[in-house]
Amino acid sequence: MEYLEIRKQIIEACLWLQEKELVIGTWGNVSVRLDETRIMMTPSKMDYNIMKPEDLVIVGMDGNRLEGTHSATSEMDVHRLIYAQRKDVGSVVHCHSVYASAMCASGRGIPPILEEMSQMIGGEIPITETYINAGSHVPLGLAAAKTLQDKNAVLLRNHGPVSVGRDLKEALICCQVVEKAAKCYLALCAGQTPELIPDNMVQSERKRFLYQYGHEH
Ligand SMILES: [Zn+2]
């Protein structure tokens, strides 16, 4: 089977999200960019515990299914339109983690309060401008991509977070950083004004993470 290793990694990612309680049921989806024209993603409404490598779906950048017997995740357009806009993104993960969902319902993005946010996300986590229901696939995808800009995470208003990364592993860690940031921010909001990381320091830390991390002596 083509791309067997990537298929297995996506299934493992789904089980990991479930174990970390970042998703409830099948309200989460994972995708990986295969090449310039194709994306592999989780099928719609399938229990992760019974998902097999052949259940994953390959779609084109236009959303047409190229391979697989199931429908792609109903949030396929969120994934597809982010890949179309961001050539640097190799993986997109959407989950419904609890604290990030609370921030999605607050109508506010999460300002840069943790160093991991500078490194993994590129600073603040923005939120889409208006609530768009999950059934409005293309408008939701367009809003997600537009709001994301060059960041690695975005909050879908009244819905849940979307995290991206250069690869699947990075997108998954990004989900954890988003959830941690939301948790800390909500804790601080109990009567405290958080100290924000200045923009120049967000940028320098982001650059260090992208280009120097692991190469320092
Ligand atoms: Zn969702």
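The values are calculated or read from the model by the stated rules, or taken from the named source; none is laboratory data. Just so it is clear, the model here is predicted, and its values are computed rather than measured. Here the Cβ positions follow ideal geometry from the backbone for every residue, glycine too, while neighbour counts run over all protein chains shown.
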Taking the stated definitions as given, is Ala153 hydrophobic (A, V, I, L, M, F, W, C), over 22 Å from Gly63 (Cβ atoms) and under 12 Å from the mean Cα position of the chain (by Cα)?
-> yes
Where a residue in the stretch 166-179 is of a type in the set (D, E, K, R) and its partner, wherever it lies, is surrounded by fewer than 20 Cβ atoms within 10 Å (Cβ to Cβ), with Cβ under 7 Å and at least six apart | Arg166/Asp88; Arg166/Gly90; Asp167/Gly90; Glu179/Tyr99
Does Met51 fit the bill of being touching a residue at least 40 places away in the same chain (Cβ under 8 Å), in contact with a Cys (Cβ under 7 Å, 6 or more places away or on another chain) and either of a type outside the set (Phe, Trp, Tyr) or on the phi < 0 side of the Ramachandran plot (or both)?
-> yes
When the stretch 1-39 is checked residue by residue, the ones that are part of a loop (DSSP other than H, G, I, E, B) and of a type in the set (A, V, I, L, M, F, W, C) are Met1, Leu22, Val23, Ile24, Trp27, Leu34
Restricting the stretch 53-75 to residues that are β-branched (Val, Ile, Thr) and part of a loop (DSSP other than H, G, I, E, B), the one nearest to the ligand (Cβ to nearest atom) turns out to be Thr73
Residue hits (the stretch 80-99; closer than 15 Å to Arg166 by Cβ and within 15 Å of the ligand (Cβ to nearest atom)) are Ile82, Val92, Val93
Would you mind stating whether Ile132 is touching a helix residue (DSSP H, G or I) at 6+ places or on another chain (Cβ under 6 Å), buried (at least 16 other Cβ atoms within 10 Å of the Cβ) and in a loop (DSSP other than H, G, I, E, B)?
-> yes
Options Ile24, Ile82; residue that is surrounded by fewer than 20 Cβ atoms within 10 Å (Cβ to Cβ) and out of contact with any Lys or Arg (no Cβ under 7 Å at 6 or more places or on another chain) = Ile24
Screening Gly107, Gly122, Gly90 for residues that are modelled with pLDDT under 95, surrounded by fewer than 24 Cβ atoms within 10 Å (Cβ to Cβ) and of a type outside the set (S, T, N, Q) leaves only Gly107
Of all residues making up the stretch 147-176, the number that are part of a loop (DSSP other than H, G, I, E, B), at pLDDT 95 or above and buried (at least 18 other Cβ atoms within 10 Å of the Cβ) | 2
Residue satisfying condition, being over 23 Å from Lys169 (Cβ atoms) and in contact with a helix residue (DSSP H, G or I) (Cβ under 6 Å, 6 or more places away or on another chain), within set Gly107, Gly122, Gly63 = Gly63
Picking from Val93, Val78, the residue that is in contact (Cβ under 8 Å) with a residue 24 or more places away in the chain and in a helix (DSSP H, G or I) would be Val78
